[in-house]
Amino acid sequence: MFSHKKHAAPEPDGYGIGCGQCPFDRFTAQLDQIRPAPADLKACFRRVARRKVAKDRTITFNGRMYEAPVSLIGQRVELLYHENDDAAIELRAAGKSYGYARELDLHVNCRVKRDENNKDNVIFTSRQNTYYNVTFKVSYL
């Protein structure tokens with residue numbers, strides 16, 4: 001609750017203890033200077049952790065392993081996260097966002113072949129039985 005008691009008037013030189021107004025009047029006189037909060041206010045309070053993407057395109061954070069795009073192998077990245085929510089971890093490198101990190105599926109990651117010359121594509125090979133060898137080409141953003 002605001003106090004409606006006027007504070008002491010300032011000294012003639014402009015400096016002094018009071019402003020000659022009650023706190024409520026002083027606050028409401030400047031409402032036009034108050035800006036609305038941004039729509040993504042929660043994103044402004046994220047913490048930042050820095051990691052290097054390993055050769056197998058993984059990042060370790062808080063005891064868990066996450067996937068990163070192949071194009072980020074060997075690069076330093078920033079992980080933007082909320083302290084109480086490790087489900088939404090954003091990957092950012094060189095000021096560019098690469099989306100949200102996914103928790104690593106160890107079974108899939110061990111079968112991904114990486115092309116050293118072309119870091120934009122990976123080849124996923126799955127050998128489900130001895131008769132078939134299926135190859136998929138997967139592109140990551």
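The values are calculated or read from the model by the stated rules, or taken from the named source; none is laboratory data. Quick caveat: nothing in here was measured; it's all calculated off a predicted structure. Cβ atoms come from the backbone with ideal geometry, glycine included; neighbour counts cover every protein chain shown.
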Selected residue (only one of E90, E116 is modelled with pLDDT of 90 or more and acidic (D, E)): E90
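Among the strands (runs of 3 or more DSSP E) lying completely within region 34-94, list those that include at least 1 residues that are under 11 Å from the mean Cα position of the chain (by Cα) and of a type in the set (F, W, Y). Lay out the reasoning, then the answer.
Details: elements: 47-52, 58-61, 64-67, 76-82, 85-93.
Here the list reads 76-82.
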Per the list (1) closer than 23 Å to R102 by Cα; (2) hydrophobic (A, V, I, L, M, F, W, C); (3) at pLDDT below 85, residue check on A49 breaks on (3)
Mind checking which pairs have a first residue in region 35-52 that is within 15 Å of D85 (Cβ to Cβ) and a second that is hydrophobic (A, V, I, L, M, F, W, C) and surrounded by 12 or more Cβ atoms within 10 Å (Cβ to Cβ), Cβ under 6 Å, 6 or more apart or different chains? R46/L80; V48/L80; A49/L79
